[in-house]
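Report on one structure; see the data block that follows.
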Amino acid sequence: MSTQATTVHQTKWWSGGKSPFNMEYGKLMMWYFLMSDAFTFGAFLISYGSIRFSQNFWPDPNVVFNAFPGAGHANLPLAFVSVMTFILIISSVTMVLAVHAGHKGDKQGVIKWMIWTIIGGLAFLGCQAWEWHHLITGEHAVLVDGKIEMIGQNMRGNPWGAVVNGPEVTAALTNTSHETLMSLMHSANASVSHEKIAAMSDAELRAALSTAELHVREKGPVAFGGYFYGITGFHGFHVFSGVIINIVMLIMTQKNVFQNKGHYLMIEKAGLYWHFVDLVWVFVFLCFYLI
Amino acid sequence: MQTFFIVAILGLGFLITFQIAKASEYVAVLRGEEKARKQTNKVNAFMLLAFLIIGMIGVYYCNEKLKGKILGEPASDHGILVDRMLYITIALTGIVFVITQICLFWFAYKYQESDKRKAYYYPHNNKLELIWTVIPAITLTVLVGFGIFYWYKITGKAPENAMIVEVTGKQFGWEFRYPGKDGVLGKKYFKNVSPEKNNPAGQLWEDKYNHDDVFMEQEMHLVVNKPVKLVINAKDVIHDVGLAHFRMKMDAVPGTPTTMWFTPTFTTKQMIEKTGKPDFVYEISCDQMCGKGHYSMRGVIVVETQEEFDAWLAAKKPQYLVANPDKDPAAVKTDTLNKVAAVIN
Amino acid sequence: MEHPAFEEVSFHHHTDDAEFKRRVKKTTILLSVITIIELAIGLFIYTLHKSDVNRDFLILGFKGLVCILTLAKAYYIVSVFMHLGDEIRNMIMTIVVPLMLFIWFIFAFIYEGNSYKNLRNTYDLHFKETTMPKKHGNAETHEVKPAEKSGKE
Amino acid sequence: MDLWIVSMALFVVSSLLGGLNYISTILNLRTKGMSMTRLPLTIWAMFFTAVLGVLSFPVLLSGLILLLFDRNLGTSFYLSDIVVNGEILPNEGGSAILFQHLFWFLGHPEVYIILLPAMGMVSEILSVNSRKPIFGYMAMLGSLFAITILAFLVWAHHMFVTGLNPFLGSIFVLLTLLIAVPSAIKVFNWLTTLWRGNIRFTPATLFAIGFVSLFISGGLTGIFLGNSTIDIHLHDTMFVVAHFHIVMGVASFFGMFAGVYHWFPKMFGRYLNSTLGYIHFWVTMIGSYLIFWPMHYQGLAGIPRRYLDKRGWVSFNDFPELDKMITIVSIIVFAMQLMFVFNFIYSIFKGRKVTSTNPWGANTLEWTTPIRPGHGNWPGEIPEVHRWPYDYSKDGREFIPQTEPIGENESKH
């Protein structure tokens, strides 16, 4: 659409009887809904910023998000989240193509690209589920009240505080329970078998553990977990609802609902929503994983 | 019984009003609607004017009757600033209030419907609109200017010689901590709070600044003409340290310490003379809704001379010694007494 | 009920197929490249954290850069994928102008957050001691940021 | 509490959807010739209200979701360092003030969400019943717009004494007091609309005049509270209660009453009983001033709000008689509102019937529909609009409906 054509009509467009934006009613509503939703996410992220700025210490994302499925304990910062990001970008692209096919009235094209988009969405959700699971169950050695405990990242505990020095860890080891020592041994030395560890006494365990390799940390700010799960969860919920909407759209396309209507505008609206989800991820990615 | 009567009276009034209203509608139809309408128009126009006049008299009467009951002279240096700002604002807004209300009701009365007059078609006048955009803007600039100037003065840094008192709000009362001789409040941590261990403030005993900190509840003593800086905390929910006579107020927020400072300028005794109330005390009111007992969250401030204050503080025992009686060098004999007291408690 | 304005809407996606595909492809590549640059910067910040030298300022600069890149990404998604760039100017304005509110919103909230930190550090020494990262060289201890906003969002 | 939060979330969703509907309808579905500057001010006010709702309610939603998490999932967004009744909560690092920020980011625009429609309706009603065009239509629009924008920027003026950073506080003072300028413009324009009019005192007109009066009174006290220095003393006292009840409570109710009395014939094809309307107005008007005016003095005396019993206090125990008076008057005024509800329901079924389509002689489109409009409002074609809605007493004609084409010899305004 050339801009000249619009400016010619400009004066008339606002005078009633037609849409001043050359836009259909429902799509306009979708846009404003997305704007409102942007304020919801904006408020979340800004509260996160506010709390983060009120803390002296905040965990480094490269330390928190360094795992990759199947890679064991390898230190791969940001690798997995970049996969998630690309999944979302690609699914956004397939959505664009679906919308484009819709404009041409190409039913088969719409179906094809919608299926790809849905797969992308589901893949993203799967990745997120794995990441959450890993963070919650992945336990880390943390110095609490002079002894070492194994805690995962959840709403009440944050194992990503500052690294503790050798002498303090040695002192803390003497107060640490047998179970914790065993799991410490296991995580530090994966080659040693379970039976062997179980056979060792506390003193033996303590001697076998080298304090430098333990990566014992203090507890970090609790708000980190809440915001991370809260915001990525809320985003995940959006992805989930987006997938549901896309599935509904897919079924409706299959049943020729749009073909009978003569246009595929509904696909376009679903597309807007899907891109918005992608857009939000861009900012979530920025706030939690990059800075 | 009383409630029943009230409800009955209201119900009766209800019925009567409704009957009158219904009847008047019939009467209006009988007499000719146009005529009835014109008459009510006149009545209402007159009532509006009467409302203006009686209202203005009422405002004056209300002022005469109640002005003696508002607080009078502020008892702190910041209070003087607040009151000055208040009077500036009252003067400016008062003028606007009187002019606009008079215009409103007078126009309503003057231009009531009449067959003789036609309404004047007057859709806009840019010059006029500009004038009444600019004048309020200038007035408000003045108010903002004064306001921000005083605001920075009040919230600015406390003087170096200010005494420090820690105020902690809880449901439903106030706790105070004085830093003792060293002038520094010791560290505290909320997980150490334990009234059973005589540590209601959660002080960390390994911090030696804590060893001479004095703790007490409900009553705070201040020195006249000496700046005081309050460090304000809350234990459970948000409270607010409201000091009406000093014209100061600051919320007590759990987890985020807040602060304010001021200089009391009259002792409690002086205020008793000034107000003529023999039972006068400075009160700390909780101004932020904090639960069922909100209205009863009262603290008392005694403002006194330096000598009186020193004598009062000297009589207090640091909380460290209360919580750790074995560390008390002065009184080994009270030690045993404390133990007995602990057993009894 | 039919919408009276409905038939009036002239759909403006009649650009030819190849042109459109080319644009989508270009944008996809652009987004990917930006993401990769962002990741690289993220990793670089990580190595900076690990080193003992105090480079707070450099880190802050890189974080600012990441924020700008993110905004660029958002711009491409909104303008190309969501076709906002193809809409009428007035429409773009009704979306973009309200988002300007975020500037003050972000500034005020983050300034407030920073002010809480200062209050706590001044009046709650225990908080300061237990949460302030120790000065000597540990990994990721330079997270404390200066007061200004970092242009997040 | 949790259920309350969930119900609030549902409320947010519903108001959001409603707001979206208003915005898109006003932008997209105007009839032919109805350009934006020909919209009645009521519609403009509804439009800005919807914008406020759509952009500010989501922030409350976020705040509520975080609150729900704090209550049920053990997160620490708002909680920190809490000991309740000797029980030590594990939460650390949150900020209780953060919730206030999120809340007031909605809370302040919410005030205008309530007030703006009243302003719009009052403009319309004053114009119709004084048989004069609204004075300064564009200025009215501009001030509505300015209020909408400023409403988003000033939320923390409710929080001057929460330990707010003094620098931020001073900016909020500046922005807050700026709101007084568009408000002043509106008041002066209403006054000029009345000036040299030919005013018919229907109940709706009376309520509109009452609205202006209360808006002045309550608005001016806003200048006290928006100024952080004075707010230190007056914050959370009865002064605040008086201020916001007058300006946001009673005034916006007056606007709504005015609207109901004015459009009731359109809604149900019958009139409300106007004698009851007059009684309703006078009792409410006099009562509101009696209740809230003396409260300012209580506020100046430092009496905190929400105190159910002041007998334990030395400083606040000076007004027992006044409290009694206020209580009695409020009971009477409230009973009067019940009377209004009764009138409303009674008149739907038994009220005097409307005999003409345009009983008030108004210009706007809704009065061109039949007395009992069917689906789609107009049988047949939707009318075309040719002029703005405020051509009253122009060229010697009492009113010229919007649907009438502009005549050849007509004077321009």
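The values are calculated or read from the model by the stated rules, or taken from the named source; none is laboratory data. These figures come from a predicted structure and were not determined experimentally. Using ideal geometry, Cβ is built from the backbone for each residue, glycine included, and neighbour counts are taken over all protein chains shown. Remember, those area values only see protein heavy atoms, side chains included, never the ligands or the DNA or RNA. Shrake-Rupley method; radii C 1.70, N 1.55, O 1.52, S 1.80 Å.
Quick notes
- In order along segment C:119-126, phi translates into HN-Hα couplings of 4, 5, 5, 7, 9, 10, 5, 5 Hz, rounded to whole numbers, per the Karplus curve 6.51 cos²θ - 1.76 cosθ + 1.60 with θ = phi - 60° and x for Gly and Pro.
- Interchain or long-range residues, amide H under 5 Å from B:G180's placed H: B:V214
- Candidate cross-link partners of B:K42 among the lysines, defined by an alpha-carbon separation under 16 Å and a same-chain spacing of 8 or more, comprise B:K110, B:K116.
- When the alpha carbon gyration tensor of chain D is reduced to an equivalent ellipsoid, its three semi-axes come out at 41, 26, 22 angstrom, largest first.
- Under 5 Å from the amide H of D:I199 lie the amide H atoms of B:Q112, B:E113, each residue being 5 or more positions distant or on a separate chain, with H modelled from the backbone and absent for Pro and chain starts.
- A straight line joining the Cα centroids of segment D:372-413 and segment A:30-46 runs 40 Å.
- Size check on chain B: the Cα extents along the three principal axes, sorted descending, read 100, 59, 40 Å.
- Converting phi to 3J(HN,Hα) with the Karplus coefficients 6.51, -1.76 and 1.60 and the offset θ = phi - 60°, segment D:324-336 yields 5, 4, 4, 4, 4, 4, 5, 4, 4, 5, 5, 4, 4 Hz in sequence order, with x at every glycine or proline.
- Among the listed pairs A:K112/D:K32; B:K35/B:K127; B:K229/B:K274; B:K170/B:K226; B:K157/B:K327; B:K235/B:K277, those beyond 32 Å (Cα-Cα): A:K112/D:K32; B:K35/B:K127; B:K157/B:K327; B:K235/B:K277
- Ratio of Rg to Rh over segment B:244-331 (Cα coordinates, Kirkwood Rh, two decimals): 1.05
- Reachable aspartates and glutamates, given that their alpha-carbon falls under 17 Å from the alpha-carbon of D:K350 and they are not under 8 places away in the same chain: B:E25
- Here the relative contact order of chain B, from alpha carbon pairs under 8 Å that lie six or more residues apart, stands at 16 percent.
- Entry note, segment D:1-184: relative contact order of 22 percent, from Cα contacts under 8 Å with a spacing of 6+ residues.
- The number of Lys pairs in segment C:16-131 with C-alpha atoms less than 29 Å apart, excluding pairs fewer than 8 positions apart on the same chain, is 13.
- Label positions at A:E195 and B:N324, each projected 7 Å from the Cα along the C-beta direction, are separated by 5.4 nm.
- Buried area at the B:D interface is about 10100 square angstrom, summed over both chains, from accessible surfaces computed with a 1.4 angstrom probe.
- Here A:S183 and C:I36 are evaluated by their C-beta separation; at R0 = 35 Å the FRET efficiency comes out at 0.40.
- Gain in span if fully extended, B:F14 to B:M289, counting 0.36 nm per residue against the direct Cα distance: 95.4 nm
- Maximal additional length on extending the D:N72-D:W4 stretch stands at 23.1 nm, based on 0.36 nm per residue less the C-alpha distance.
- With the whole protein complex present, C:R55 retains an accessible surface near 90 Å², based on a 1.4 Å probe.
- Sparsely packed loop sites in segment D:365-413 (the GluC sites (Glu not before Pro) outside DSSP H, G, I, E and B with at most 16 other Cβ atoms within 10 Å) comprise D:E381, D:E384, D:E408, D:E410.
- Protein accessible area in chain D, 1.4 Å probe - carbon and sulfur %: 68 percent
- Rounded to whole Å, the principal axis extents of the Cα atoms in segment A:208-291 read 72, 27, 18, largest first.
- Largest mean-square fluctuation among B:K191, B:K181, B:K317, in a Gaussian network model of chain B whose springs join Cα atoms under 10 Å apart, belongs to B:K191.
- When chain D is treated as a Gaussian network with alpha carbon springs shorter than 10 Å, the biggest mean-square fluctuation among D:W263, D:W313, D:W104 belongs to D:W313.
- Zone of C:K25's modelled label, taken as backbone nitrogen in segment A:112-127 under 20 Å from a point 7 Å along Cα→Cβ: A:113
- Excluding ligands, DNA and RNA, the accessible surface per residue across the protein assembly as shown is 41 Å² with a 1.4 Å probe.
- Here the 3J(HN,Hα) profile of segment B:294-311, calculated from phi with Karplus coefficients 6.51, -1.76 and 1.60 at θ = phi - 60°, is 3, 5, 9, 7, 10, x, 10, 10, 10, 9, 9, 6, 4, 5, 4, 4, 4, 4 Hz, Gly and Pro shown as x.
- In nm, spacing of pseudo-spin labels at B:T3 and C:T122 (7 Å Cα→C-beta vector): 5.2 nm
- Apportionment of accessible area to carbon and sulfur, segment B:163-344, percent (1.4 Å): 59 percent
- Highest-first packing order for the peptide set B:12-22, D:334-344 is D:334-344, B:12-22, based on the mean count of other beta carbon atoms within 10 Å.
- Occluded residues from segment C:67-82, i.e. those whose accessible area drops by 10 Å² or more once the chain is not alone (1.4 Å probe): C:C67, C:T70, C:K73, C:A74, C:I77, C:V78, C:F81, C:M82
- Computed label-point distance, nm, for sites B:K110 and B:I54 using a 7 Å Cα→Cβ extension: 2.4 nm
- Computed in the context of the full set of protein chains, the accessible area of segment C:16-131 at 1.4 Å probe radius has 70% of its extent on carbon or sulfur.
- Counting only DSSP beta bridges with both residues in segment B:147-294, the antiparallel share comes to about 75 percent.
- Selection from D:I400, D:F319, D:P304, by position along the positive dipole direction of chain D (Cβ): D:I400
- Normalised by residue number, the volume inside the convex hull of the Cα atoms of segment B:20-70 is 81 Å³ per residue.
- DSSP beta bridges in the protein assembly as shown [antiparallel fraction, %, rounded to 5]: 75 percent
- Segment D:220-321, relative contact order [Cα under 8 Å, separation at least 6], %: 40 percent
- Buried surface for the C/B pair, taken as the accessible area of each chain alone minus that of the pair with a 1.4 Å probe, is close to 900 Å² in total.
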